[in-house]
Amino acid sequence: MILVLVETSPSGEAIEVSREAVTFARSLSASGGGVPVDAVVVGEASDALVATLASYGVRQVHVLEGDAFAAFSGAAWASGVLAVRASAGSVVVIAAGTPRGNEVMAHVAARAGVAMAANVLSFSGLSPFVVTRQVVGGSALEEMRLSDRPAVFTVAGHAVEASPAETPGSGEVVTHTPAVDAADLVARVVSSEEPEPDLSGTLKSARVVVGAGRGAGSSDGFADLLELTELVGGSLGVSRVVTSLGWRPHHEQVGQTGSRISPDLYIPCGISGAIQHWAGCSTAKNILAINTDPDAPMVTKATYAVIGDLHEVVPAINEEIRRRRSAG
Amino acid sequence: MTSVLVCIKRVVDSSSEVVLTDDGQAVDGRFAGFTMSTHEECAVELAVQVAAATGGTATVLTLGDADATEQLRSALAVGCTAAVHIVADSQTFGPADVAREIAAVAADHDLVLLGNDAADSGDFQVGIRLAYELGRPVVNGVTNVVVEGDTVVARGAGPDGHETYRVPLPAVVTILEGGVEPRYPTVPGRMKAKKIAIDERAPSAEPVGPARVRLLLPPPAPSNVQILGKGADAAPAVVDLLEQLGVLAR
């Protein structure tokens, strides 16, 4: 059996990357002669969540209940996952490659005395079991042997597209309240607060994001970009170099270590498109790159591009928008 | 008087194009140069802050080849006061091997800080494996750490908001960048760092290895970009596009 740790949103739905991990598990199952795919969720499983997981082909939904799981602890979650694994006999234990997913799977692997592969994209053989995973922040791939059982790994975000199964699973709910060792509850979240309002929230939900990179030149180089942001009713997002140099605050950073955005239109200006940045904007529906270098990765990966210096192009765009408004 | 051990790794600077060695077993740093990850720069900063606030010590540790002294000296230049160098080829060590080697040094320290994940191998597990080696609690992926008495208070971003952990020492904490600004070394700091003797050690055991078959570079994606024009003359075409996509605020 393949056991997938499924993370839920505050409203109790399976998050997209967890549904991707279930989809990945199904393709692994198909290659392995159809072994069942089970899910494990922590806390509460609503009827809607169970129905979703069943539509993704999940046989059993294991629910970890009890005070030990009321607040997050990586060690407690891992002990719960291993308790389910022991009762159900899974040979593969996986999660999405989220911070929680990587953390809990690392605990699972350390406790079980097996290897763990983080951010797996695909598998290329069952005996030996070889996975291909992202390393160097996604700039390179590693083929890695996972010969231990259980095979423990996390599935990189967007490695596969989340898709329901052709044949739904039964989605039978099995409740577990395993005893958790006191030592596994020492490092647990003691308080969780809403983040400061209006920091990265508006950036993540914006329909249009204007991006700025090293090409802005200095902390004084953002006036035209901010005007364009206002004219399109969007948010400003920046690359890591911009926050590292202290030109703009960290909460505006887009990328692997900043916000991940999926706007209708992303307008990266003077951003070369290092893989760390691309990881945060690759799901934008349209990308309009403004860059002096026609061979910059951001330009070649974009939907549209203007070749030129942002300090010439952006003021001209702003002027054109204002001209059309006053004419219209 | 917290005794802090902060663990760093010499890695190839991957901010520009990544090139692999001929045998496909490692990233080639001959042209790009070497650095430590931003997570670890922040871990070093936090180690120095905790040592200063508690009147304690900050010791930096690395497992790497002889050239990794460069990264140890960088950490010494910003305020670490001692360094341990396990001299070995880090590419032949898997995450469980590295955790075991750190554990052999960490027993004398109250607080061990590491980066959340190495910038090259991206294993996301050394800190957690270390905690099990030591039988200590571990907090993973936080951005701020302070020590209050015999408790470490760690804060970071969780899926639903800012999370706080309060954990008794001794403990292991892994750090993500974003909570503190790593300081730049001063000239006196660099001079002082040169005089500190580095405690060089051999690995405590033969490594099992990373189970790596080989490294590959991802295939380049085909480009379908539509060039709207060059320079300021492209502005009308850009605004046509903004109108067509319906993204212009009224």
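FYI, it's all coordinate maths here, none of it is from the lab. A quick note: this is a predicted structure, and the numbers were derived from the prediction, not measured.
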**Prompt:** Once you sort the root eigenvalues of the Cα gyration tensor of the range A:201-327 as a ≥ b ≥ c, which label holds: rounded (a/c under 1.5), prolate (a/b larger than b/c) or oblate (the other case)?
**Reply:** rounded
**Request:** State, as an integer percentage, the relative contact order of the range B:3-201 based on alpha-carbon contacts under 8 Å between residues 6 or more apart.
**Result:** 26
**Item:** Relative contact order (percent, whole number), the range A:179-328, Cα cutoff 8 Å, 6+ residue spacing
**Value:** 21
**Request:** Can you check how the C-alpha radius of gyration of chain B compares to 2.2 N^0.38 Å, as a plain ratio?
**Result:** 1.21
**Request:** Quick one: check the C-alpha center-to-center distance for the range A:86-125 versus the range B:98-158, whole angstrom.
**Result:** 19
**Prompt:** Taking only Cα atoms, what is the 0 to 90° angle, nearest 10, from helix A:99-112's long axis to the longest principal axis of chain A?
**Reply:** 30
**Asked** Where both residues lie in the range A:2-185, what percent of DSSP beta bridges are antiparallel, nearest 5?
**Response** 30
**Prompt:** For the protein assembly as shown, what is the mean residue ellipticity at 222 nm derived from helices alone (per DSSP H run of n ≥ 4: -39500 (n - 2.57); sum divided by total residues; nearest 500 deg cm²/dmol)?
**Reply:** -9000 deg cm²/dmol
**Request:** With both partners inside chain B, how many of the DSSP beta bridges are antiparallel, as a percent to the nearest 5?
**Result:** 35
**Request:** Give the distance, in whole Å, between the Cα centre of the range B:191-209 and the Cα centre of the range A:252-280.
**Result:** 38
**Asked** Could you give the distance between the Cα centres of the range A:28-52 and the range A:1-17, to the whole Å?
**Response** 9
**Message:** Which of the three applies to the range A:54-139, rounded, prolate or oblate, going by the alpha-carbon gyration tensor with a ≥ b ≥ c and a/c under 1.5 meaning rounded?
**Reply:** prolate
**Prompt:** Quick one: helix A:16-31 against the long Cα principal axis of chain A, what's the angle to the nearest 10°, folded into 0 to 90?
**Reply:** 50
**Prompt:** Considering only DSSP beta bridges whose two residues both sit in the range B:123-222, what percent are antiparallel, to the nearest 5?
**Reply:** 80
**Asked** Based on the alpha-carbon gyration tensor of the range A:1-120 and its eigenvalue square roots a ≥ b ≥ c, which shape applies: rounded if a/c is under 1.5, prolate if not and a/b is larger than b/c, or oblate?
**Response** rounded
**Asked** Translational D (Stokes-Einstein, µm²/s) of the protein assembly as shown at 25 °C and 0.890 mPa s when Rh comes from the Kirkwood sum over C-alpha pairs?
**Response** 98
**Message:** Compute the helix-to-body angle for B:95-106: its Cα long axis versus the longest principal axis of chain B, expressed 0 to 90° and rounded to tens.
**Reply:** 40
**Contact order normalised by residue count of chain A, Cα under 8 Å, 6+ apart, percent** = 15
